[in-house]
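Written out below as structure tokens is the structure these notes cover.
The values are calculated or read from the model by the stated rules, or taken from the named source; none is laboratory data. All values reported here derive from a predicted model rather than from experimental measurement. Cβ sites come from the backbone with ideal geometry, for glycine too, and all protein chains shown count toward neighbours.
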Amino acid sequence: MKIIFPEVNTNELAKQATTEFPDIEFLPADFLDHAADMLQQGIADSLISGIDFPSRDVVIACKNHLKLSSDYFSSCFICEKGNQVLALADGGVNKHPTKEQLYTIVEDTAKTFIKYTGNQPRIAMLSYSTNGSGGKNPDLDKIHFVINQIRQTHPDYIIDGEMQLDVAIDPTISTKKYPSSQIQGDANILITPDLNSGNLLYKSLERFGGFTIAGPIIQGFTIPLADLSRGSTVADIVLTIKVIRSLL
């Protein structure tokens with residue numbers, strides 16, 4: 001297995017993290033377009049970058065060189081603490097997703113989660129509102145559209161919403177606020193309505209919640225990709241490599 005990691009020879013955190021994977025060959029690259037072009041040529045199986053590059057530059061390089069396997073590309077974070085594993089999307093790419101983009105975000109995040117964990121997706125569509133408590137809003141209409149579509153196309157997935165975060169992850173609060181929910185406070189995939197909320201939530205899980213964060217994992221291309229945060233730790237990089245390896 002070969003993974004292009006442009007910063008592998010220049011960033012100390014990258015050097016330290018990659019030593020834990022003697023079975024993987026990590027290839028350096030001079031710049032991001034070069035890295036993406038190497039992928040296009042089939043020189044490697046995947047790309048991990050971003051520890052020293054802005055996310056926008058990583059995503060643009062991939063967009064300009066690589067083919068899509070989905071209608072849209074998106075991102076998700078894999079968040080781990082002890083035995084708890086959550087997937088969170090989209091906190092890295094889509095600013096204000098349309099209902100079609102939101103559907104693809106859910107579908108591709110569930111696929112990523114299944115490949116990494118082998119567990120059944122329990123998808124909470126997050127919002128300021130729980131089960132209609134916030135009144136009518138076009139953002140809620142998008143959520144309900146996605147839920148209905150996913151239930152038709154992936155009847156083996158458990159998906160519900162709209163719901164607030166505490167309802168998604170706390171069975172006691174779920175029983176009080178949303179007793180009919182299929183999630184019952186046991187979500188393992190959290191879907192936020194926009195980039196602002198997704199990015200803030202993942203940073204909160206990392207900085208306040210003590211989670212190790214992989215990614216963002218860039219979804220929707222024919223090759224699995226990862227765009228590390230420039231604030232990533234060695235543990236974050238190690239987890240990111242593990243997730244990418246599971247997707248190959």
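Answer yes or no: is there a residue in the range 109-122 that is assigned by TED's automatic domain parsing to the domain that holds residue 165 and part of a strand (DSSP E or B).
yes
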For residue 156, work out the one condition from (1) touching a strand residue (DSSP E or B) at 6+ places or on another chain (Cβ under 8 Å); (2) at pLDDT 95 or above; (3) not in a helix (DSSP H, G or I) it doesn't fulfil. (1)
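Could you tell me which of the residues 173, 244, 217 is among the β-branched types (Val, Ile, Thr) and more than 30 Å from residue 7 (Cβ to Cβ)?
Values: 244 fails: more than 30 Å from residue 7 (Cβ to Cβ); 217 fails: more than 30 Å from residue 7 (Cβ to Cβ).
After ruling out the rest, the residue left standing is 173.
Would you check if residue 210 is more than 16 Å from residue 93 (Cβ to Cβ) and free of Cβ contacts under 8 Å to residues at least 60 places away in the same chain? Talk me through it step by step, then tell me what you get.
Numbers: more than 16 Å from residue 93 (Cβ to Cβ): yes; free of Cβ contacts under 8 Å to residues at least 60 places away in the same chain: no.
Here the answer is no, as residue 210 does not meet what is asked.
Each row is one residue, and each column tells you yes or no for (1) surrounded by fewer than 17 Cβ atoms within 10 Å (Cβ to Cβ); (2) within 19 Å of the chain's Cα centre (by Cα).
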site: 157; (1), (2): no, yes
site: 166; (1), (2): yes, no
site: 172; (1), (2): yes, no
site: 178; (1), (2): no, no
site: 181; (1), (2): no, no
site: 190; (1), (2): no, yes
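Tell me, which strands (runs of 3 or more DSSP E) lie completely within the range 10-85 with 3 or more residues that are in contact (Cβ under 8 Å) with a residue 12 or more places away in the chain and surrounded by 18 or more Cβ atoms within 10 Å (Cβ to Cβ)?
In the range 10-85, 46-49, 74-81 are the strands (runs of 3 or more DSSP E) which contain 3 or more residues that are in contact (Cβ under 8 Å) with a residue 12 or more places away in the chain and surrounded by 18 or more Cβ atoms within 10 Å (Cβ to Cβ).
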Among (1) in contact with a Leu (Cβ under 6 Å, 6 or more places away or on another chain); (2) farther than 15 Å from residue 223 by Cβ; (3) not hydroxyl-bearing (Ser, Thr, Tyr), where does residue 14 come up short? (1)
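What do you reckon, is residue 133 touching a Leu at 6+ places or on another chain (Cβ under 9 Å) and polar (S, T, N, Q)? Let's see the steps before the verdict.
Numbers: touching a Leu at 6+ places or on another chain (Cβ under 9 Å): no; polar (S, T, N, Q): yes.
The answer is no for residue 133.
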Say we look at the range 106-122 and pick out the residues that are over 13 Å from the mean Cα position of the chain (by Cα) and either hydrophobic (A, V, I, L, M, F, W, C) or within 17 Å of residue 151 (Cβ to Cβ) (or both); which of these is surrounded by the fewest Cβ atoms within 10 Å (Cβ to Cβ)? 120
I'd like the full set of residues that are within 23 Å of the chain's Cα centre (by Cα) and more than 17 Å from residue 240 (Cα to Cα), limited to the range 2-32. 32
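Which is assigned to a helix (DSSP H, G or I), within 17 Å of residue 47 (Cβ to Cβ) and of a type outside the set (Ser, Thr, Tyr), of 203, 242, 176?
Values: 203 fails: within 17 Å of residue 47 (Cβ to Cβ); 176 fails: within 17 Å of residue 47 (Cβ to Cβ).
242 is the lone residue from the list that is assigned to a helix (DSSP H, G or I), within 17 Å of residue 47 (Cβ to Cβ) and of a type outside the set (Ser, Thr, Tyr).
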